[in-house]
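Notes for the one structure printed next.
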Amino acid sequence: MAPADLLTLTIAQAAPKLERRELSPVELTEAMLARIATVNKQLNAYITVCDQQAREAAQAVERLIRAGYYLGPLHGIPIALKDNIYTHGVRTTAGAKILADFVPDEDATVTARLKRAGAIIVGKTNMHEFAWGGTTDNPHYGTCRNPWNPERFPAGSSGGSGAAVAARTCLGALGTDTGGSIRLPSAVNGIVGIRPTIGRVSNYNVVPLAWTMDTVSPMTRTVEDCLTMFEVVAGHDPLDAHSAQVPVADYRAELGRGMRGLRIGLIRDYSLTHVQKAVGDAVRSALKAMERLGAQVEEIAMPSIHGNISAQLTIESCEPSTYHQEWLRARPQDYGEDVRTLLEMGEMYLATHYLQAQRYRSVLRKEFLAGFKQVDVFVTPTLPFTATPCGATEVVIENDRKEDMLSAIMQFTGVPSLAGLPALSLPVGFDPDGMPVGMQIIGRPFDEGTLFRIGHTYQGETDWHTRAPKL
């Protein structure tokens, strides 16, 4: 295949070619490394490119295939990892100056699982410093940019992973998600990303942000590819004390079931309010398409929903400040100004504030669990606006009123984060400037299979996920 054709492949398309030896892992990896060399100067999606290690791994997994040892659908697939996920022998900076020279002596559990599946790590992606922010404007490693328009932001904190996938420099990537850091970049970069149920994927050897909400999961161009990566990284890990001992379902069996009979919930006075027009229009259009596919849409009241941003900001302030307490006192000058300010603010909260926020989480989760007796999933936009200019700290959503970026960006993604629920973001359209719009589907605990089912069925009837930025 021509190098340009290799860039168009999804995991689902590449895997059988690799298994049948119609495509070489070395050939595919070289195409991705060449693409990184071409576009990363413009996008700054990678902090570290693992070219030597990737070439050695590609040669090794190719020998396995030639010897008749095919490890599965990730065998020979080039992927990227967010730079807060440990990689043995490769520096893991977490986007921070403080960890600029940190080289782990072991992998994260998710890294090890990908390697055992035969995946090839091509690089470590740019991120908001220590994952505490939503823009990937990184003062230490440079601003990451959106491949649909490099003057716009890729969101964050997994902005590098989102840009890397959208720019066709890898076939999939891992990000981390606390308040939305997988789903936000997935939305504004026009790709798919899932936040799993809390405890579904191991956090072992992942630099934490807020440990009661942190998760790791894939970002890909299609729902099917997201499922393929998720199957590998999901499952109990005895090394992670918070890992759930819940069996991993057969997600793939759900894909062909369609949408008929599924009940989709909209949160009354919330799901489609306070959003930019293009975002609201795209999500409404997606809902109509889902109804044509046999789903039923109904509104559900959720009285406690409007307290979510305050609770999330409280928890995402207190827990990171606890983790960073020693560094913040010994090396304050080594933090970017925005992150240092947030960490210092986190130390100003009272124990009562934190405990009240945790109590709110329990109330919100109970309301969702009650709602799931009436519907199978809930739908919102992933975020209420499309990609803003790089460096912006405010955003206009409606009525020409400027709002703080951090609060606005978490309007919808913070809800499943607080409730510990799985949520999938997938592309559902574009705004008049050609920037992607994402829709969030929230599911029951450990019911990622229904999210994959809905997303895959929707993508079978639409082509948003097939469109590529022109770089």
Is there a residue in the range 161-168 that is in contact (Cβ under 8 Å) with a residue 12 or more places away in the chain, part of a helix (DSSP H, G or I) and more than 24 Å from Thr29 (Cα to Cα)? no
Of the conditions (1) closer than 25 Å to Gly455 by Cα; (2) part of a helix (DSSP H, G or I), the single one that Lys373 does not satisfy is (2)
I need the full set of residues from the range 332-357 which are small (Gly, Ala, Ser) and under 26 Å from Lys97 (Cα atoms), in order please. Gly336, Gly346
So which residues in the range 244-274 are surrounded by 15 or more Cβ atoms within 10 Å (Cβ to Cβ) and on the phi > 0 side of the Ramachandran plot, if there are any at all? Gly258, His274
Would you call Ile98 closer than 22 Å to His324 by Cβ, of a type in the set (A, V, I, L, M) and modelled with pLDDT of 95 or more? yes
Does the range 31-52 contain any residue that is surrounded by 21 or more Cβ atoms within 10 Å (Cβ to Cβ) and farther than 21 Å from Pro147 by Cβ? no
Would you confirm whether any residue within the range 410-418 is farther than 17 Å from Phe368 by Cα and touching a residue at least 12 places away in the same chain (Cβ under 8 Å)? yes
Could you please let me know if Pro303 is surrounded by fewer than 18 Cβ atoms within 10 Å (Cβ to Cβ) and closer than 18 Å to His128 by Cα? no
Scan the range 428-435 and tell me whether some residue there is crowded, with 24+ Cβ neighbours inside 10 Å and closer than 29 Å to Arg200 by Cβ. yes
Matching residues in the range 319-333 (assigned to a helix (DSSP H, G or I) and in contact (Cβ under 8 Å) with a residue 40 or more places away in the chain) number 4
Hits in the range 188-206 - residues which are hydrophobic (A, V, I, L, M, F, W, C) and either surrounded by fewer than 24 Cβ atoms within 10 Å (Cβ to Cβ) or closer than 12 Å to Asp177 by Cα (or both): Ile194, Ile198, Val201, Val206
Being in contact with a Ser or Thr (Cβ under 8 Å, 6 or more places away or on another chain), within 10 Å of Val377 (Cβ to Cβ) and either assigned to a strand (DSSP E or B) or polar (S, T, N, Q) (or both) is the filter here; which residues of the range 420-439 pass it? Ala423
Meets criteria (at pLDDT 95 or above, within 19 Å of Gln276 (Cα to Cα) and out of contact with any Gly (no Cβ under 9 Å at 6 or more places or on another chain)) for Thr393: no
What's the number of the only condition in (1) under 25 Å from Asp338 (Cα atoms); (2) touching a residue at least 24 places away in the same chain (Cβ under 8 Å) that Asp101 fails to meet? (2)
Is it the case that the range 82-95 has a residue that's touching a Gly at 6+ places or on another chain (Cβ under 8 Å), under 15 Å from Asn203 (Cα atoms) and not in a loop (DSSP other than H, G, I, E, B)? yes
Test Leu421 against the criterion of being closer than 17 Å to Ile191 by Cα, surrounded by 15 or more Cβ atoms within 10 Å (Cβ to Cβ) and within 17 Å of the chain's Cα centre (by Cα), and give yes or no. no
Residue identified as surrounded by fewer than 18 Cβ atoms within 10 Å (Cβ to Cβ) and either under 30 Å from Gln358 (Cα atoms) or touching a Lys or Arg at 6+ places or on another chain (Cβ under 8 Å) (or both) among Val379, Val396, Val375, Val415: Val396
Residue check, Gly76 touching a residue at least 40 places away in the same chain (Cβ under 8 Å), touching a Leu at 6+ places or on another chain (Cβ under 6 Å) and not in a strand (DSSP E or B): yes
Could you check, for the range 348-358, whether at least one of its residues is closer than 28 Å to Pro185 by Cβ, surrounded by fewer than 17 Cβ atoms within 10 Å (Cβ to Cβ), in contact with a Cys (Cβ under 9 Å, 6 or more places away or on another chain) and not polar (S, T, N, Q)? yes
Looking at the range 224-276 only, could you name the residues that are under 20 Å from Thr176 (Cβ atoms) and either in a loop (DSSP other than H, G, I, E, B) or over 22 Å from the mean Cα position of the chain (by Cα) (or both)? Gly235, His236, Asp237, Leu239, Asp240, Ala241, His242, Ser243, Ala244, Val248
Give the residue that is nearest to the chain's Cα centre (by Cα), with candidates limited to residues of the range 29-73 that are outside any helix (DSSP H, G or I) and of a type in the set (Ser, Thr, Tyr). Tyr46
Which members of the range 10-22 meet the condition of being under 21 Å from Pro218 (Cβ atoms) and outside any helix (DSSP H, G or I)? Thr10
Given the condition closer than 30 Å to Arg260 by Cα and not hydrophobic (A, V, I, L, M, F, W, C), answer yes or no: does some residue in the range 384-395 qualify? yes
Identify, please: which residue in the range 98-147 is hydrophobic (A, V, I, L, M, F, W, C), in contact with a helix residue (DSSP H, G or I) (Cβ under 7 Å, 6 or more places away or on another chain) and not in a helix (DSSP H, G or I) and is, among those, nearest to Met435 (Cα to Cα)? Cys144
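The values are calculated or read from the model by the stated rules, or taken from the named source; none is laboratory data. Just so you know, these numbers come straight off a predicted model, no measurement behind them. Methodologically, a virtual Cβ is constructed for each residue, glycine included, from the backbone with ideal geometry; neighbour enumeration extends over all protein chains shown.
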